[in-house]
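Structure first, then comments.
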Amino acid sequence: MTKKLSPATYLPLLGLSIPCLAQADFLSDSKATLEARNFYFSRDFRSDTSAQSKREEWAQGFILRAQSGYTDGMVGFGLDAIAMLGIRLDSSPDRTGTGLLPKHGDGRAADDFSTLAPTAKIKYSATELKVGGLTPTLPLMAANYSRLVPQVFNGALLTSNDITNLTATLGRIEKVKARDSSNFEDMTITPMSGAFSGGASSSGMNYVGLDYKIASTWLLSAHHAQLEDIYRRNYLGLQYSLPVGNGKAFAELRYFDADSDGKSLAGDVDNRTLSTNFGYKFGAHTISGGYQKSRGDSAYAYLAGSDTYLFSEMLVSTFGMENERAWHARYDLDFAGFGIPGLSFTARYVRGDQIDPEQISGRKAATLRGLNEDGTEWERSTDITYVVQSGPLKDFSIRWRNATYRSSYTDSADENRLILSYLIKF
């Protein structure tokens, strides 16, 4: 009887052994997730004099993330991709601008929008280069995922861990896709209520960062970013944690220094901000808080649409205006300690004062300037999340985020976000 040959037996005879092994590694290490994300957003400005008194929309999103393994060999090659689709469920011209959906020239939200962002990747030892769509979480470039679909950057990012305890990052970013857009566009700065020109665009961002871990208790960081012809920013960070009693104490200092770059297309950038956080985790409870202070002749500068990396950033305000001082407090509760795994609760409060209204646009800021007074603001928020732990609805989550914001220099707001998410893993 003739023995039947398997592909693994006869492929070497054809000189295909290396591609076969490479394909096996490329495919066997692949993984993918599909997230169905239903998002309701409402922000009431509590004002009859504003051009728009309310932003309110409802949308359905789908986010597919696919990651391949690496081909076999000293240098491995792979391919990742993120595909996003957003569908309008409810909107009207007088309620747009939530960040969930793109807006047409006539003021109406798009029926749907989509984006496909592939990423080529190369790996040698513990060094990885990614080129294409990127969603980094870095101190000076943090992709935002607080709406229907995430913000995505387009460029190249090299990350190396070849030196023990040291992570080195080097990048060049050319374009960015906003959370409510299908298109990759030039990057710009967050206007900060008129402090900067949000219409100014940059040809790209250069990035370099170093993070060094000392034992298991210290992490030292130094990062630099140049948004060409807009700003240069530096970041120094220190993290520390230590077991104390039955819990763990932790502390983190974040220092940012920003100046204008090149043609200063967005206006004068001159800001130094220290943001701190100190806390203690014990059992199901975590209590934390800290102090933040902005100095210089401008507000805090950061990429439009991205996260600030400030401890003070809330749902409505970032608390990063010119000369602003802020105090923040936070309480987290994990109900797993009470026999309800998957349920968590967060309460936060931030208060800011000493705000210089000189560069802030709007009626309320003009009134402060006329009275020669500083601005103030405060915000409190609650966040309740439940994730199903088992059964056919495993990884289904429901999240309610609520915020109350009051300000003397801009519109106050009451905000609610309801997010239903179902994650399927392949």
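Among the residues of region 177-205, count how many are in a strand (DSSP E or B) and surrounded by fewer than 16 Cβ atoms within 10 Å (Cβ to Cβ).
As a first pass, look at region 177-205 and keep what is in a strand (DSSP E or B): 177, 184-185, 187, 189, 202, 205.
Applying the additional criterion that residues be surrounded by fewer than 16 Cβ atoms within 10 Å (Cβ to Cβ) yields 185.
Adding up the residues that qualify gives 1.
Could you list, in sequence order, the residues of region 75-98 that are among the acidic types (Asp, Glu), in a strand (DSSP E or B) and open to solvent by 60 Å² or more (accessible area, probe 1.4 Å)?
Asp90
Per-residue answers, yes or no, for (1) more than 25 Å from Asp259 (Cβ to Cβ); (2) within 19 Å of the chain's Cα centre (by Cα):
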{"site": "Asp162", "(1), (2)": "yes, no"}
{"site": "Arg172", "(1), (2)": "no, yes"}
{"site": "Ser181", "(1), (2)": "yes, yes"}
{"site": "Met205", "(1), (2)": "no, yes"}
{"site": "Leu210", "(1), (2)": "no, no"}
Taking region 128-153, which residues are more than 21 Å from Phe77 (Cβ to Cβ), out of contact with any Gly (no Cβ under 6 Å at 6 or more places or on another chain) and not in a strand (DSSP E or B)? Pro139, Leu140, Ala143, Tyr145, Ser146, Pro150
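Only one of Asp90, Asp44 is at pLDDT 80 or above and over 24 Å from the mean Cα position of the chain (by Cα). Can you tell me which?
Of the residues listed, the single one that is at pLDDT 80 or above and over 24 Å from the mean Cα position of the chain (by Cα) is Asp90.
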Yes/no for Thr410 being under 25 Å from the mean Cα position of the chain (by Cα), open to solvent by 30 Å² or more (accessible area, probe 1.4 Å) and touching a residue at least 12 places away in the same chain (Cβ under 8 Å): yes
In region 120-151, which residues are open to solvent by less than 40 Å² (accessible area, probe 1.4 Å) and in contact with a Ser or Thr (Cβ under 6 Å, 6 or more places away or on another chain)? Thr127, Gly132, Gly133, Ala142, Ala143, Asn144, Pro150
Is there a residue in region 230-239 that is of a type in the set (A, V, I, L, M, F, W, C), within 15 Å of Ala304 (Cα to Cα), within 19 Å of the chain's Cα centre (by Cα) and open to solvent by less than 40 Å² (accessible area, probe 1.4 Å)? no
Write out, first by first residue and then by second, each pair whose Cβ atoms fall under 6 Å of each other, whose residues are 6+ apart or on separate chains, and whose first residue, in region 138-149, is touching a residue at least 12 places away in the same chain (Cβ under 8 Å) while the second is open to solvent by 20 Å² or more (accessible area, probe 1.4 Å) and part of a strand (DSSP E or B). Ala142/Asp307; Asn144/Asp307
I'd like to know if region 99-117 contains one or more residues that are at negative phi, over 23 Å from the mean Cα position of the chain (by Cα), not in a loop (DSSP other than H, G, I, E, B) and not aliphatic (A, V, I, L, M). no
Count of residues meeting criterion [of a type in the set (Phe, Trp, Tyr) and open to solvent by 10 Å² or more (accessible area, probe 1.4 Å)] in region 313-329: 1
Checking Trp327 against (1) in a strand (DSSP E or B); (2) touching a Pro at 6+ places or on another chain (Cβ under 6 Å), which single condition isn't satisfied? (2)
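For every residue, the table says whether it meets (1) within 25 Å of Val269 (Cβ to Cβ); (2) touching a Leu at 6+ places or on another chain (Cβ under 8 Å); (3) modelled with pLDDT of 95 or more.
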| site | (1), (2), (3) |
| --- | --- |
| Pro150 | no, no, yes |
| Asn154 | yes, yes, yes |
| Leu166 | no, yes, yes |
| Ile173 | yes, yes, yes |
| Thr190 | yes, yes, yes |
Can you name the residue in region 63-74 that is of a type in the set (Gly, Ala, Ser) and open to solvent by 30 Å² or more (accessible area, probe 1.4 Å) and, of all such residues, is modelled with the lowest pLDDT? Gly73
Could you tell me whether region 245-254 includes any residue that is open to solvent by 70 Å² or more (accessible area, probe 1.4 Å), of a type in the set (D, E, K, R) and over 21 Å from Glu313 (Cα atoms)? yes
Please go through region 158-175 and give me each residue that is in contact (Cβ under 8 Å) with a residue 40 or more places away in the chain and open to solvent by 20 Å² or more (accessible area, probe 1.4 Å), ordered by number. Asn165, Leu166, Thr167, Ala168
Search region 350-367 for residues being out of contact with any His (no Cβ under 7 Å at 6 or more places or on another chain) and assigned to a strand (DSSP E or B), and hand back the single one that is most open to solvent (accessible area, probe 1.4 Å). Arg351
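The values are calculated or read from the model by the stated rules, or taken from the named source; none is laboratory data. Keep in mind that what you see is a predicted model, and the values were worked out from it rather than measured. For neighbour counting, all protein chains shown are included, and Cβ atoms are generated from backbone atoms with ideal geometry for every residue, glycine included. Ligands, DNA and RNA are excluded from the accessible area calculation, which covers all protein heavy atoms including side chains. Shrake-Rupley method; radii C 1.70, N 1.55, O 1.52, S 1.80 Å.
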